[in-house]
Amino acid sequence: AQSVTQLDSQVPVFEEAPVELRCNYSSSVSVYLFWYVQYPNQGLQLLLKYLSGSTLVESINGFEAEFNKSQTSFHLRKPSVHISDTAEYFCAVSDSNDYKLSFGAGTTVTVRA
Amino acid sequence: GAGVSQTPSNKVTEKGKYVELRCDPISGHTALYWYRQSLGQGPEFLIYFQGTGAADDSGLPNDRFFAVRPEGSVSTLKIQRTERGDSAVYLCASSSNPSISGELFFGEGSRLTVL
């Protein structure tokens with residue numbers, strides 16, 4: 001099973017500032033990569049995913065993540081955050097064609113005005 | 001409803017008691033998963049159903065835990081002789097075809113507290 005490391009447990013950031021959440025995983029075999037977000041009092045929901053093709057993937061609300069195979073990383077970025085981006089973000093990995101996701105411990109992003 | 005529904009949302013029980021947690025997946029989703037999220041950690045895989053059968057129960061921590069999905073839709077996670085260490089949020093997720101899209105749809109979870 002994959003091991004996923006999210007290097008930052010808490011990230012405070014001011015509104016309209018950029019943010020980067022780091023994610024590294026353990027294996028360089030073929031993988032699927034995901035970022036899930038959990039807003040306060042809500043369930044986990046998919047933010048974006050990498051299955052194949054372009055290594056840069058984007059979400060509809062301005063987040064992007066880049067798959068770096070050599071560094072086994074899938075860092076999440078947003079150039080300008082909003083108050084509504086306050087949430088907990090989880091990186092998840094599965095071996096390709098496997099149904100099991102391995103999650104990181106999560107990064108709590110708190111956006112302040 | 002349109003999403004994954006879990007009941008109860010909160011359950012407080014005493015050590016040694018029996019607990020059932022229910023999951024109603026998205027209609028038509030054949031795959032169903034249970035995960036457990038302890039405080040300060042990410043979700044950890046417990047069990048995966050494809051249809052009515054448990055295709056992979058390798059994440060169940062011990063034989064006090066088991067889950068059923070008798071008609072291929074609703075699933076129940078059952079915990080016998082609960083212990084304080086079982087306290088966590090139990091998450092259910094469903095998907096239509098896990099090997100292709102990889103996207104799981106999660107419920108809001110059932111928070112279990114064992115006193």
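The values are calculated or read from the model by the stated rules, or taken from the named source; none is laboratory data. These numbers were taken from a predicted model, which means no experiment stands behind them. Positions of Cβ are backbone-derived with ideal geometry, glycine not excepted, and every protein chain shown enters the neighbour counts.
Filter the range A:24-50 down to the residues that are more than 9 Å from the chain's Cα centre (by Cα), within 15 Å of B:GLY107 (Cα to Cα) and hydroxyl-bearing (Ser, Thr, Tyr) and list them by number.
The answer is A:TYR39, and nothing else.
Taking the condition of being more than 10 Å from chain B (Cβ to nearest Cβ), without any contact (Cβ under 8 Å) to a residue 60 or more places away in the chain and closer than 27 Å to B:TYR35 by Cα, how many residues in the range A:70-113 meet it?
Here the count works out to 9.
For the range A:40-59, which residues satisfy the criterion of being facing chain B (nearest Cβ under 10 Å) and not hydroxyl-bearing (Ser, Thr, Tyr)?
Those that are facing chain B (nearest Cβ under 10 Å) and not hydroxyl-bearing (Ser, Thr, Tyr): A:ASN41, A:GLN42, A:GLY43, A:LEU44, A:GLN45, A:LEU46, A:LYS49, A:LEU51.
Of all residues in the range A:7-24, which are closer than 28 Å to B:ARG36 by Cβ and surrounded by 20 or more Cβ atoms within 10 Å (Cβ to Cβ)? Quick ask: steps written out before the conclusion?
First pass over the range A:7-24, keeping only residues closer than 28 Å to B:ARG36 by Cβ: A:7-11, A:21-24.
Answer for the range A:7-24, where residues must be closer than 28 Å to B:ARG36 by Cβ and surrounded by 20 or more Cβ atoms within 10 Å (Cβ to Cβ): A:LEU21, A:CYS23.
State all residues of the range B:6-50 that are part of a loop (DSSP other than H, G, I, E, B) and within 13 Å of chain A (Cβ to nearest Cβ); if no residue qualifies, say none. Reasoning before the result, please.
Quick first cut of the range B:6-50, residues part of a loop (DSSP other than H, G, I, E, B) only: B:8-9, B:14-18, B:25-30, B:38-43.
Residues satisfying the conditions are B:SER9, B:PRO25, B:ILE26, B:HIS29, B:THR30, B:SER38, B:LEU39, B:GLY40, B:GLN41, B:GLY42, B:PRO43.
Conditions first: (1) within 8 Å of chain A (Cβ to nearest Cβ); (2) modelled with pLDDT of 95 or more. B:VAL89 passes all but one, so which condition is the exception?
(1)
Quick test of your reading of the structure: B:ASN10 fulfils all but one of (1) modelled with pLDDT of 95 or more; (2) farther than 15 Å from A:GLY43 by Cβ. Name the failing condition by number.
Failing condition for B:ASN10: (2).
Looking only at the range A:25-49, count how many residues are among the charged types (D, E, K, R) and surrounded by fewer than 17 Cβ atoms within 10 Å (Cβ to Cβ).
Narrowing the range A:25-49 to residues among the charged types (D, E, K, R): A:49.
Within this subset, residues satisfying the condition of being surrounded by fewer than 17 Cβ atoms within 10 Å (Cβ to Cβ) are none.
Final tally of qualifying residues: 0.
Suppose we filter the range A:45-66 for residues that are part of a loop (DSSP other than H, G, I, E, B) and farther than 16 Å from A:TYR99 by Cβ; how many remain?
Taking the range A:45-66 as the starting set, the residues that turn out to be part of a loop (DSSP other than H, G, I, E, B) are A:51-55, A:59-63.
Imposing the further condition that a residue be farther than 16 Å from A:TYR99 by Cβ reduces the set to A:52-55, A:59-63.
Of the residues in the range A:45-66, 9 are part of a loop (DSSP other than H, G, I, E, B) and farther than 16 Å from A:TYR99 by Cβ.
Hey, can you tell me all the residues within the range A:57-69 that are within 15 Å of A:ARG22 (Cα to Cα), free of Cβ contacts under 8 Å to residues at least 40 places away in the same chain and surrounded by fewer than 19 Cβ atoms within 10 Å (Cβ to Cβ)?
A:GLU64, A:GLU66, A:ASN68, listed by residue number.
Let me confirm something: among A:ALA65, A:ALA17, which residue is in contact with a Ser or Thr (Cβ under 8 Å, 6 or more places away or on another chain), more than 24 Å from B:GLY3 (Cβ to Cβ) and small (Gly, Ala, Ser)? Lay out the reasoning, then the answer.
Details: A:ALA65 fails: in contact with a Ser or Thr (Cβ under 8 Å, 6 or more places away or on another chain).
Exactly one residue qualifies, and that residue is A:ALA17.
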